Every structure is written in structure tokens, then in C-alpha cells.
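**Student:** Have a look at the structure that comes next, please.
The values are calculated or read from the model by the stated rules, or taken from the named source; none is laboratory data. Bear in mind the structure is a predicted one, so any value in this text is a computation, not a measurement. Glycine gets a Cβ as well: all are built from the backbone with ideal geometry, and neighbour counts include every protein chain shown. Accessible surface is based on the protein model in full, side chains and every heavy atom, while ligands, DNA and RNA are left aside. Shrake-Rupley method; radii C 1.70, N 1.55, O 1.52, S 1.80 Å.
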Amino acid sequence: MRFLGSCLIGLLVVGLAASASAAMLGFRDADTQLATEQAFKTRLRSEDQANWARSLTARPHHAGSPQGQANVAFIAQAFESWGFEVDVETFDILLPFPLERELELLAPTSFTASLIEDIVTGDESSAQRDEVLPPYNAFSIDGEVTAELVFVNYGIPEDYELLERYGIDVTGKIVIAKYGRSWRGIKPKLAAEKGAIGTLIYSDPGDDGYAAGDVYPDGPWKNASGVQRGSVMDMPLYPGDVLTPGKPAIKGTRRLKQDQAPTITKIPVLPISYRDAQPLLAALGGEVVPPEWRGGLPITYHLGPGPARVRLKLEFDWQRIEIRNVVARWPGSEFPDEWVLRGNHHDGWNHGAADPISGLVALMSEAKALAGLAKAGQPPRRTVVYAAWDAEEPGLIGSTEWVEKHLKTLDEKAVVYVNTDGNSRGFPSLGGSHTLEPFFNEVANAVTDPQTGVSVAERLRAVISTGEDAERRADLESREDLRLNPLGSGSDYTPFLQHAGIASANLAFGGEGNGGSYHTLYDTYEHYTRFRDPGFVYGVTLSELAGIATLRMANADVLPFRFSGLVDNLQTYLEEITELAETERAAAERVNTLLVSGKYELALDPQKTLGPPRAQPPVPHFNFAPLQNALADLTAVATQLDASLDSNLTPTELVAVNRMLFRSERQLTSVDGLPGRDWYTHQIYAPGFYTGYGVKTLPRVREAIEAQLYEDVDIQIAKTAATLAEFTNYLRDLAELLAEK
Ligand SMILES: [Zn+2]
């Protein structure tokens, strides 16, 4: 029902629309807001985005680079020219730059890896190769190691379990892992825990290269020389400056000694191309890999260890550099102390056309249009803050330090944080806090897909409806709203959501402009405008999506937070972890029974080295009742509250109610943080300790089960239930406030 008004108004000029006014979450007068949004849309220009992207991607612009500083000036100047109050806020952080990178195969044959990416014809930017930071993993430790090589597939926990069954111990070895299936920083973390002394990571052409599609410059996929750079900082512990956990990296903050910084890797790690990986993999002996471990190279993949023996030498220049965030404010005309925040980073690993400039130019378009509206007499009612973050790539550093510096102010004033981090074409990816689920559904219904003419929400529904995932199809039919993806990590929303408890969202378009330019030499203007979003058509669509979200948040009478959708998602997560416990129990019982029966000995070829799995600890029955009860209470309160939020309130009541609404996400955090990582305070969403970017919902409970810490599970259930109970009490207070009036 909610969507009816805004959908019909454009289509049915006769009849309905003439008399009925539109309904919009949080607005008494939706027609005025719709008119504002229409005026906003007409001010967005794809030519602006193309021009800005041209300038901002002219040269490589990593954190601390000359072009990076020029970009800061360019962005700040643009915001100033539109009438914003602009601050360039600086932080002093530790960042390693590569000095020496050497990789050679010593036995049974010899080969020296080139470690360079080819200049390609038709891409002028790739000819500036020597200005790009060479391929490296930021926050790898320095070191020189020589050892036998072992192939570990994707280097995730289940891969090591299988290696163990082959009798392969990686202690004292160098491992080579494929990119994918986990965030890259997990690979050296896990390898070091298993005793390895070095890690190589490469993109296999089976995943990203000629087996996936035509390679650059013929197509968008990774050519033989392309290498994905990227940070390997242990961000699931804490992101931001490695020397100042939880504190801003400014003068006066006590810093850790570099050798005490827990988020720097324990072993050296280097990313390489598949051209450099192939001779190393071809030189491996030992068992042939299981079928699901095979990649797309024209070789037979073996596990090792050896006889391939490699030497890896890495040395970095550990510099203290100044990083610069551009923060631009448009003060709210009625509620200047309520801040709607909108951000995208500005640093790249290279020319950064897709990541991050395609998202940044969308943000700049929004800001220019909002300023235009404001100057034409339609200023935002709340303060809107646009931020271009520095040093996101090495570890969400600019945004994290800024949040740590302004934590108290943000706790008081931050209504919402809307993030983007690049764009492409296709359909929307909608991630965010579930108190915003109905809101973002309305927003996605109000934006038209440029290729099909239907709303971007309808396009996404069609993609899910015709997709392979039967569970997702059934789920789509079972509820009114599209689900928001829960947020893990990997971009600048993390400090806002998971440290400060600010309701957040992460938006992008994608699904059609695929390819392997990510963090390579080839993330250039040329690549982007050929393969990802020619003409910046979806750049404007992203501006509409994020811009309308920002405008509605800035102008709403009653802030459009709602709670029934959150409850529904929490129910799903509880079902998932209950099922997870059952699955683990059944699997453990099955393995243990088969071990006792001796059937593995009969089934496995005695000539092969694949041994039986390890005996599993029995999985006890956990007491999920505290969570079930907490959710039942929350359901009742949320339903009542959502219904009463539409009532008429006086201006004074509005301020009090809105304050409670936007601070509601804070109640889902706990000052104790999560086990072993107190920087992460949110009790519903966290990046996985052993998956990295991938989200773990209800992380205390889920990760205790996954890590087989069975004696902890009931304790974690109780702690999570206590957070939910406090949240319920908070909503009950709010419901009473509404009932009193
Ligand atoms: Zn990015």
C-alpha cells in the first residue's frame, strides 16, 4: 500500500492522482516532497559525472600520492563553489609502501616472477604504469622466506581440513592460495595460524580470466598479467590506523609500537598474476588436487608440498603519512543538530575509475543538485554532510579515524549514514540496517531503471524471480518488502554502523558490467566507460537512489525508521543459527559413527594419501529460549510502535520522537563489543572473524557455534538476548511517549 501513491502519480494523471495525495513514510505532505525530488532529479547530469571522473582518474591517486592531494583540492573546491561549508580534516597514519618485492622458484626448475602488469593498447592510462603502486598487499609484514610450496585452494578453514586429511601440514611452508571465497586478509591470517611462513595469492583464470570471458583489452576480464592489490590488515579485529585502535590518529594520541600492532600480518604476503603463478603451480608435485580445487590454468594442479621451492622477499617503507578527508556540510534549515551523512572514499589503488570514483562522482552530483535546490529556496530541513574519505583502500582509515574523533558528536547528532563505493550497471544492491528496510523499499520504488523503464525495485524483483535460488524466490513472494542485505565490512559504513551504532546503508548498481579490473592497473577511465557504465547512465541512477534517500531523511516529519522488518530479519537469523547447530550436530554424529564403524578404511583407497576426517566433538543441545523469548517481546512492541508512528505530533513531540528513532540503532550495540574484538560493538551485524567482508548476523552465537566453542554458546545466546531486551525496553519507552500525547 505504501508504494501506491508514488507509483501511480506518474502513470495515472487522470482520476486517482488528481484527488488522492501520495503516501510516503514519514511525510504528512508527500506531494511537496515528491515535487522536491522531481526537481532534484532534473538537476543531475551524466556529463558532470563523466567530466569529474576524467579529472579525478587522470593519474593514479592512492592515499598520500600527489594526484590524491590534487583530488582533495578538486573535490573541496567543487563543494565550496556550490556553497557548502567545507573542512579538510587530516590524520597522521602509518602506511607501508613497497620497496622490494622478489619472488623466485629455486627448484626443481628456476623462474623469476616479473610482478609487473602489462601496458595494453587502447588504454592510455595503463601506460602510466610506473606511477601506480606496484602490486602488493598493504600491511604485510617485511620478511624474506624460502620454503617448499603448498597449494591451499582458497585458503579458507575447510581447505585446511581437507589438507589435513591428505596428511599435509603447512608448518614451515609457503602457501599459494586463489583469490576468492574469503576476504584476502583472511588468507595470510589463517596460513600463519596453521604455521606457514609466507603466502602468495593469485587470481585463477577459472574465476577471473579467460575462462570467465574475454580478457582486457578485448573484454573486461583479467589478462595474464593483472594483479589484484589490496589490504591484508586484520580488519575483523579493528579497522583504521593500525597504531591507534579506537582512538583518532591525531596529535596527542598514544600510539602502539609498530611491532605491537596486532592488525599487521604475522607472515609476508604478496599478490601475483596467473602468469606468474603458473610456473610455480606447474612445479608442484604430490597428490593431484580434488576436482573442486582445480582452476583454469592449462596444467594438472598438485597439492605439493614441493618439490617446488620458492623464495619470497618483501620490504616496505613504513611511512607516517597525512591523509585528508573532505567533509562538506549544508546546515539544516529547521533541525541543524540532526545530521544525515552521505559518504564515498576518494583514494584508489590506481586510477580507481570504478573503485571509488564512479561512486564519488555520483555523490558529487547529488551534492551539487541539493545545493542548487537549497539556493532556489528548498534547503534540507536537517543538516546534510557529504564526505569524501581518504585511505579507505588500506583499511577504512579515513572514515574510521573520523568516526573515532567525532564519536560523541555523532552519537548525539547522526541520523543515518549512506555509503557508496563505486558503481556499475544492472540492478541495485541494497544493503543496510533493517530498521531502514521499508524506507529503502520506498526509495527503490521511486527510482526508474534506465534500461527497462520500470522501477529499480521491480527490476531487482524480476532478477530474483527468474533466478536459480529457490529459497530466495519463495522468500520474495512471502513478504511485501525486498530484503536489505545485512552489512558485513569492506567499505566505510563499518565505523558508522559497527562501532558507533549509526543506522547505515550501502548502495550500488551491478550485475551486468562484470570483469576483473578491481584493484588492478586496469581500473581506468577507459575500462570503466567501455565495459561498466558507458555514458555514466547508471551513475545518474545511483545519484537518484542515494540522493532521494538523503533528501527524504533530511526532510521527513517523522524519521522513517520502522521495526517490524528488523524483527522479521532477526527471526530469520535465529532460524539460521538454530539450523546451523542442527546441521553441525548431524555432521559430527555421522563422521563419528563412520569412524567407529571402520567404513572409511574400506571406502578409501589404501594407496591414496587421503585419510579419514578427524573425530568431531559432540554438539550439545543449546538453549535458544532466551533469544526466542526476547524476539517474541520485541515483535509485540515493534508492531504496536510501527502502527502509532503515523499519528500526528506537535513540533516539540516530533523532536523528542525523532531523537529516539535515530538513536535506536545505538541500542543494538554493547560497550563490551564482541568476544576478542571490542572495537566491534554492534550485536547484530559484524564481519566474520574468519571470512572478513562476509557478514555474520547474531555474531556472538553464530561464531561460537562455527568455532566449535560449544561451552560458550548458551552464554552468547544470553548476552545477545539481553541486548535485544534493552532494545525492546527502549522501543517500549518510545511507544509510551507516543501513547501519552
Ligand atoms: Zn572502494
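**Student:** Restricted to segment 471-483, and to residues that are under 25 Å from the mean Cα position of the chain (by Cα) and not charged (D, E, K, R), which residue is farthest from Thr448 (Cα to Cα)?
**Tutor:** Of segment 471-483, the ones under 25 Å from the mean Cα position of the chain (by Cα) are 471-473, 475-476, 481-483.
Those still in the list that are not charged (D, E, K, R) too: 476, 482.
On the way: Leu476: 20, Leu482: 16 Å.
Looking at residues that are under 25 Å from the mean Cα position of the chain (by Cα) and not charged (D, E, K, R), I get Leu476.
**Student:** Now for a different question. Go through (1) farther than 28 Å from Asp241 by Cβ; (2) within 16 Å of the ligand (Cβ to nearest atom); (3) buried (at least 24 other Cβ atoms within 10 Å of the Cβ) one by one and return the number of the condition Asp523 breaks.
**Tutor:** With (1) farther than 28 Å from Asp241 by Cβ; (2) within 16 Å of the ligand (Cβ to nearest atom); (3) buried (at least 24 other Cβ atoms within 10 Å of the Cβ) applied to Asp523, the lone miss is (1).
**Student:** Filter segment 619-664 down to residues that are among the charged types (D, E, K, R) and touching a helix residue (DSSP H, G or I) at 6+ places or on another chain (Cβ under 6 Å), then give me how many there are.
**Tutor:** Selection size over segment 619-664: 2.
**Student:** For segment 1-72, which fully contained helices (runs of 4 or more DSSP H) count at least 3 residues that are at pLDDT 95 or above? Break it down stepwise before answering.
**Tutor:** Details: elements: 4-11, 16-19, 30-42, 46-56.
Qualifying helices (runs of 4 or more DSSP H): 30-42, 46-56.
**Student:** Looking at Ala686, Ala721, can you tell me which residue is within 28 Å of His621 (Cα to Cα), of a type in the set (Gly, Ala, Ser), in contact (Cβ under 8 Å) with a residue 40 or more places away in the chain and outside any helix (DSSP H, G or I)?
**Tutor:** The conditions single out Ala686.
**Student:** Test Pro612 against the criterion of being at pLDDT below 95, open to solvent by 60 Å² or more (accessible area, probe 1.4 Å) and in contact with a Phe, Trp or Tyr (Cβ under 8 Å, 6 or more places away or on another chain), and give yes or no.
**Tutor:** yes
**Student:** Also: Of (1) touching a Cys at 6+ places or on another chain (Cβ under 8 Å); (2) open to solvent by less than 30 Å² (accessible area, probe 1.4 Å), Asn445 satisfies all except one. Which?
**Tutor:** (2)
**Student:** Hey, another quick one. Based on what the data block shows, is Arg329 at pLDDT 95 or above, among the basic types (Lys, Arg) and more than 27 Å from Tyr154 (Cβ to Cβ)?
**Tutor:** yes
**Student:** Name every residue in segment 97-125 that is surrounded by fewer than 17 Cβ atoms within 10 Å (Cβ to Cβ) and assigned to a helix (DSSP H, G or I), in order of residue number.
**Tutor:** Within segment 97-125, just Glu124 meets the criteria.
**Student:** Also: Select from segment 637-681 the residues that are open to solvent by less than 60 Å² (accessible area, probe 1.4 Å) and in a loop (DSSP other than H, G, I, E, B) and list them in ascending order.
**Tutor:** Across segment 637-681, the qualifying residues are Leu645, Ser647, Leu649, Arg663, Ser670, Gly673, Trp679, Tyr680, Thr681.
**Student:** Kindly indicate whether any position in segment 506-525 is farther than 30 Å from Pro134 by Cα and not aromatic (Phe, Trp, Tyr).
**Tutor:** Scanning segment 506-525, I find no residue that is farther than 30 Å from Pro134 by Cα and not aromatic (Phe, Trp, Tyr), so the answer is no.
**Student:** From Gly501, Gly535, Gly513, grab the single residue that is modelled with pLDDT under 95 and surrounded by fewer than 24 Cβ atoms within 10 Å (Cβ to Cβ).
**Tutor:** Selected residue: Gly513, the only one of Gly501, Gly535, Gly513 that is modelled with pLDDT under 95 and surrounded by fewer than 24 Cβ atoms within 10 Å (Cβ to Cβ).
**Student:** Can you go through Ser455, Ser399, Ser429, Ser424 and tell me which one is touching a residue at least 24 places away in the same chain (Cβ under 8 Å), within 16 Å of the ligand (Cβ to nearest atom) and open to solvent by 10 Å² or more (accessible area, probe 1.4 Å)?
**Tutor:** Ser429
**Student:** Just to check your reading of the model, which residue among Val701, Val713, Val695 is open to solvent by less than 10 Å² (accessible area, probe 1.4 Å), under 26 Å from the mean Cα position of the chain (by Cα) and either in the same structural domain as Leu570 (by TED's automatic domain parsing) or not hydroxyl-bearing (Ser, Thr, Tyr) (or both)?
**Tutor:** Answer to the check: Val701.
**Student:** Go through (1) within 28 Å of the chain's Cα centre (by Cα); (2) open to solvent by less than 10 Å² (accessible area, probe 1.4 Å) and name the single condition Ser55 misses.
**Tutor:** (2)
**Student:** Can you name the strands (runs of 3 or more DSSP E) wholly within segment 126-238 that have at least 1 residues being open to solvent by 40 Å² or more (accessible area, probe 1.4 Å) and in contact (Cβ under 8 Å) with a residue 40 or more places away in the chain?
**Tutor:** 143-151
**Student:** Let me ask something else. So is Ser489 within 20 Å of the chain's Cα centre (by Cα), more than 16 Å from the ligand (Cβ to nearest atom) and in contact (Cβ under 8 Å) with a residue 60 or more places away in the chain or not? Give the steps one after another, and end with the answer.
**Tutor:** On the way: within 20 Å of the chain's Cα centre (by Cα): yes; more than 16 Å from the ligand (Cβ to nearest atom): no; in contact (Cβ under 8 Å) with a residue 60 or more places away in the chain: yes.
Criteria not met by Ser489.
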